[in-house]
Amino acid sequence: MITAILNARLLDPATGTDLPGGVIVENGKVAAWGQGVTEAPSGAGKVVDAGGLCLAPGMIDLRVKTGEPGEEQRETVATASRAALSAGVTQMVLMPDTRPVIDDVALVEFLTNEDPEVEARVHAAGALTVGLGGKAMAEIGLMKLAGAVFFTNGDEPVADASILKRAMAYAASHEAIVMSRPDTASLRGSGVMNAGSFAARLGLKGIPREAEWIGAARDLMLAEATGCRLILDQVSTARTLELLAEARARGVKAGATVAAHSLFFNEMDVGDYLTYCKVNPPFRAEADRQALIAALAAGEIDAVVSAHDPQPPEQKRLPFAEASFGAAGLETTLSAVLSLVHDGPLDLLTALKPLTCGPTDLIGIEGGRLAEGAPADLMLFDPGTPWKCEREDLITRSTNSPFDGRLLQGRVMRTFVRGCEVFARG
Amino acid sequence: MAREQSDYTFTGPHLLGLMGLNPLQLTSILDKADHYAEQARASQRGAPVLKNKTVINLFFENSTRTMSSFEIAAKRLGADVVNMPVAASSVKKGETLIDTAMTLNAMKPDVIVIRHSASGGVKLLSRKVDCAVINAGDGMHEHPTQGLLDTLTIRREKGRIEGLKVAICGDIVHSRVARSTTYALHQLGARVRLAGPRTLLPGDASDWGAEVVTTDIDAALDGADIVMMLRLQLERMDGAYLPSRREYFRFYGLTQERLKRAAPDALVMHPGPMNRGIEIESAIADGPRSVITEQVEMGVAVRMAVLDMLAGSAPS
């Protein structure tokens with residue numbers, strides 16, 4: 001089967017390409033692409049006129065939670081896949097904090113086995129410790145052989161530095177990547193939003209930024225001591241970026257992700273106790289948000305993640321302090337990042353890089369670029385289309401989006417996985 | 001400047017470790033042990049060089065194998081042997097340990113063989129006694145007679161040490177055997193490779209004299225003449241250092257398949273006791289390339305040699 005997508009604006013962050021042209025897909029792979037592709041080859045089964053819209057590699061989301069297994073009422077892998085494809089995300093990494101926890105080979109295989117209901121490409125992150133308990137290291141080597149792309153303790157990082165150090169050392173001997181949320185549970189305490197004057201005014205307990213700084217410093221130093229490849233999960237403060245830069249200058253193999261919503265919101269958006277804005281790490285001060293954007297512009301952030309965390313209404317229709325953390329993010333990642341293009345600080349290719357080749361290069365999986373022979377995972381989008389994010393229009397099963405009611409720009413019109421059209425708008 | 005005799009021959013006064021012994025000293029022990037090994041194989045009784053001498057086996061850690069080996073060695077040399085297995089729990093640390101040594105010293109033994117769970121524990125006791133002390137294993141420090149018996153086994157099987165590629169695999173960081181054996185083999189010109197998961201590799205292993213320190217056991221085995229598997233303490237596989245037994249066996253266990261990477265005439269060694277199916281497949285442990293029982297045999301010969309050199313009466 002040959003598919004031709006013609007008359008597009010080709011965007012490939014990996015090669016810095018921004019040119020008019022087309023892509024020819026054959027057997028699920030990119031057979032040809034570029035300015036010279038202006039006609040469908042003879043025998044093309046399907047010809048798509050892109051109408052001048054942007055054609056880019058499908059996005060890769062390194063941090064997606066579903067409720068499967070165990071809490072399917074929140075989200076299943078299939079519903080997350082449909083939400084992802086509608087937003088241009090063609091590959092997603094599922095977090096291990098499910099019930100049961102993804103801490104053995106059988107569960108990794110359960111999540112990543114072919115499923116006709118799941119058209120997005122799914123990868124599993126393995127639990128770093130058994131049951132995410134932070135005590136005994138999980139079967140990192142066997143899970144890596146089964147396809148786990150990295151190992152993480154999820155939202156609750158390993159508190160005991162000695163256990164984390166050994167787990168990182170062990171991971172390093174398997175050339176496995178550890179993703180750690182830089183955090184210090186004892187400092188986070190029962191905080192629910194960014195610590196500061198606004199939290200004080202609302203009468204809410206704060207999560208101090210030093211909880212992240214100390215966690216980041218610890219994780220980076222242990223990565224240096226063990227030689228382990230580390231990803232700092234959802235950096236949220238300016239100073240964490242300084243710690244990251246210093247560690248990288250010392251040769252530490254450290255990557256970093258930022259949650260898309262942290263690029264869009266600040267602590268003031270919690271406003272009138274909006275529980276959809278209750279996330280961990282919390283929305284920080286405006287200066288932190290600006291620092292994250294500057295780091296993105298400077299290419300210091302490897303990946304922007306949705307931090308998709310579907311929570312049912314009964315977990316969010318509660319007093320702020322009692323509500324769950326987490327935001328549904330799969331369907332708003334692209335628009336959140338494009339807002340930085342429309343507002344000026346980023347150009348389109350710089351904005352797309354941490355959504356495409358940034359994450360694939362970080363964890364060493366294929367995809368994320370336009371290249372001959374690369375899998376034809378593509379998204380066709382209009383960066384300027386305005387839309388209003390309405391909860392009831394979202395595809396994800398739990399619609400706890402902080403973007404609810406927001407006016408956004410940029411919509412995905414078609415999505416292709418292995419050359420097959422898996423989503424078309426309208 | 002004239003060299004001391006001790007530069008050429010091992011003379012003691014103690015055997016606390018192999019680090020610091022030179023090739024001539026090591027060779028002098030191995031030669032003597034070789035002599036005792038041949039004597040035993042010929043079922044000959046040698047001269048009772050320890051006749052009327054007292055050897056105390058003071059074991060603060062349980063060890064049936066090593067204590068029996070020392071006991072047999074001493075008895076073959078005609079010594080009077082007193083075994084003192086001291087359960088670790090019944091002995092308090094510090095002063096009591098020294099008190100024990102002083103008490104024993106007052107009984108005027110000729111040799112005390114000591115095993116202790118604390119690194120440096122044997123050295124501490126050796127300062128408080130007037131007789132020769134043999135370290136039968138102290139904590140994670142040294143186990144010199146094991147290093148010697150490994151070396152002797154290899155020398156007898158291969159006819160040499162120099163140039164041999166020796167892969168020592170498993171729990172290196174907690175192993176006194178790995179330290180002593182590596183020192184001896186390195187001094188005698190072997191090319192030692194240490195392999196294990198990073199949680200079980202010491203940070204300073206490159207200073208031990210090993211040519212290669214790696215987390216890749218397959219790389220360590222490549223063309224190896226000797227494959228030595230170390231015992232893995234089962235409690236280390238509960239998630240603290242390693243995730244599980246099955247994962248360890250998958251990545252670090254010695255299987256027939258993995259052994260194919262070694263030289264066709266490679267010898268397989270293990271200091272025992274073995275965890276079959278975890279660090280070594282049973283078929284290999286019992287197979288034609290295994291010299292594990294020879295190691296036990298050489299253990300007695302080496303201990304006879306050391307006892308003789310430290311306390312034996314000069315041949316008349």
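The phi torsions of region A:156-171, fed into the Karplus equation with coefficients 6.51, -1.76 and 1.60 and a -60° offset, translate into couplings of 10, x, 4, 6, 7, 5, 5, 5, 5, 4, 5, 5, 5, 4, 5, 4 Hz, rounded to whole numbers, with Gly and Pro shown as x.
Heavy-atom accessible surface of B:Thr27, to the nearest 10 Å², is about 40 Å², with a 1.4 Å probe and all protein chains retained. With r defined as the distance between the Cβ atoms of A:Arg239 and B:Asp207 and R0 fixed at 41 Å, what FRET efficiency is calculated, to the nearest 0.05? The formula returns an efficiency of 0.60 here.
Sequence-distant contacts, meaning Cα pairs under 8 Å at least 6 residues apart, place the relative contact order of region B:146-298 at 24 percent.
Run through the DSSP bridge list for the protein assembly as shown and note the antiparallel percent, rounded to the nearest 5. In the protein assembly as shown, DSSP labels about 35 percent of beta bridges as antiparallel. Computed over neighbours whose Cβ is under 10 Å from that of A:Val130, the net charge equals -3, Lys and Arg +1, Asp and Glu -1. Springs between Cα atoms under 10 Å define the GNM used for chain A, and in it the highest mean-square fluctuation of A:Asp103, A:Asp343, A:Asp183 occurs at A:Asp343. Look at where the Cα atoms of region B:247-316 and of region A:126-180 average out, and the two centres are 34 Å apart.
Helix A:77-86 and the longest principal axis of the Cα set of chain A meet at an angle near 60°. In region B:64-218, Cα pairs under 8 Å separated by at least six residues give a relative contact order of 15 percent. Once both labels are positioned 7 Å from their Cα atoms along Cα-to-Cβ, the gap between B:Asp286 and B:Ser68 label points is 1.9 nm. With protein chains left intact and a 1.4 Å probe, residues in region A:299-389 average 32 Å² of accessible area per residue. Restriction of the trypsin sites (Lys or Arg not before Pro) in region B:234-281 to DSSP coil positions whose beta-carbon has at most 14 other beta-carbons within 10 angstrom yields B:Lys260. Taking Cα atoms only, the orientation of helix A:286-297 departs from the longest principal axis of chain A by about 40 degrees.
Residues of region A:152-194 whose accessible area, computed with a 1.4 Å probe over protein heavy atoms, drops by at least 20 Å² once all protein chains are present relative to their chain alone are A:Arg166, A:Ala169, A:Tyr170, A:Ser173, A:His174.
Pairs to check: A:Lys165/A:Lys253; B:Lys51/B:Lys128; A:Lys253/A:Lys278; A:Lys135/A:Lys253. Give those whose C-alpha atoms are more than 22 Å from each other in this structure. From A:Lys165/A:Lys253; B:Lys51/B:Lys128; A:Lys253/A:Lys278; A:Lys135/A:Lys253, over 22 Å: B:Lys51/B:Lys128; A:Lys253/A:Lys278; A:Lys135/A:Lys253.
Each of A:Asp393, B:Asp225, A:Asp18 has its accessible area taken with a 1.4 Å probe; listed largest first, they run A:Asp393, A:Asp18, B:Asp225. At the residue level, A:Trp213 shows approximately 60 square angstrom of accessible surface with a 1.4 angstrom probe and all protein chains present. Within chain B, what's the longest stretch lacking GluC sites (Glu not before Pro) that sit in DSSP loops with no more than 16 other Cβ atoms inside 10 Å? Result, exposed sites excluded: B:5-161. Comparing the full protein assembly with the isolated chain, the residues of region A:119-142 losing at least 20 square angstrom of accessible surface (1.4 Å probe) are A:Ala136, A:Met137, A:Glu139, A:Leu142. Note on surface exposure: B:Leu30, B:Leu201, A:Leu274 rank A:Leu274, B:Leu201, B:Leu30 by accessible area, highest first, 1.4 Å probe. Amide H contacts under 5 Å for A:Leu10: A:Leu19, A:Gly21, A:Leu55, restricted to partners 5 or more places along the chain or on a different chain, H placed in the peptide plane at 1.01 Å from N. When chain A is treated as a GNM with alpha-carbon contacts under 10 Å, the residue of A:Met379, A:Met143, A:Met268 showing the greatest mean-square fluctuation is A:Met268.
Please give the Cα centre distance for region B:1-69 versus region B:141-212, rounded to the nearest Å. Cα centroid of region B:1-69 versus Cα centroid of region B:141-212: 19 Å apart.
With every protein chain in place and a 1.4 angstrom probe, the accessible-area ranking of B:Met102, B:Met84, A:Met193, largest first, reads B:Met102, B:Met84, A:Met193. Antiparallel beta bridges, as assigned by DSSP with both residues in region B:100-228, represent about 5 percent of the total such bridges. If you take all other residues with their beta carbon under 9 Å from the beta carbon of A:Asn153, and give Lys and Arg +1 and Asp and Glu -1, the sum is -2. Legend: calculated FRET efficiency, B:Thr103 to B:Arg41, from the Cβ-Cβ distance at R0 = 41 Å, rounded to 0.05, equals 0.55.
Neighbours of A:Lys278 by Cβ distance under 14 Å: Lys/Arg scored +1, Asp/Glu scored -1, total -2. In this structure B:His35 has an accessible area near 100 Å², from a 1.4 Å probe over the protein heavy atoms. Rounding to the nearest 10 and keeping the result within 0 to 90°, find how far the Cα-based axis of helix A:333-342 lies from the longest principal axis of chain A. In chain A, helix A:333-342 runs at an angle near 80 degrees to the longest axis. List the residues of region B:238-257 whose accessible area drops by at least 50 Å² when all protein chains are present, compared with their chain alone, using a 1.4 Å probe and counting only protein heavy atoms. Those residues are B:Pro243, B:Arg246, B:Glu247, B:Phe251. Taking the Cα centroid of region A:2-60 and of region A:321-377, what is the distance between the two, rounded to the nearest whole Å? Cα centroid to Cα centroid, the span is 19 Å. Membrane-span-like helices of chain B, defined as complete DSSP H segments with a Cα extent of 24 Å or more along the helix axis and a mean Kyte hydropathy of at least 1.0, are identified as B:292-311. First check a/c for region B:167-224, with a ≥ b ≥ c the square roots of the eigenvalues of its C-alpha gyration tensor; if it is under 1.5, answer rounded, and if not, answer prolate when a/b is larger than b/c or oblate otherwise. Because a/c hits 1.5 or more and a/b fails to exceed b/c, region B:167-224 counts as oblate. Leaving ligands and nucleic acids aside, the A/B contact buries around 1400 square angstrom of accessible area in total at a 1.4 Å probe radius. In this structure the amide hydrogen of A:Ala124, modeled in the peptide plane, comes within under 5 Å of the amide hydrogens of A:Leu94, A:Val149, none closer than 5 places in sequence on its chain.
The values are calculated or read from the model by the stated rules, or taken from the named source; none is laboratory data. Bear in mind the structure is a predicted one, so any value in this text is a computation, not a measurement. Cβ atoms come from the backbone with ideal geometry, glycine included; neighbour counts cover every protein chain shown. Surface areas here come from the heavy atoms of the whole protein model, side chains and all, with no ligands, DNA or RNA. Shrake-Rupley method; radii C 1.70, N 1.55, O 1.52, S 1.80 Å.
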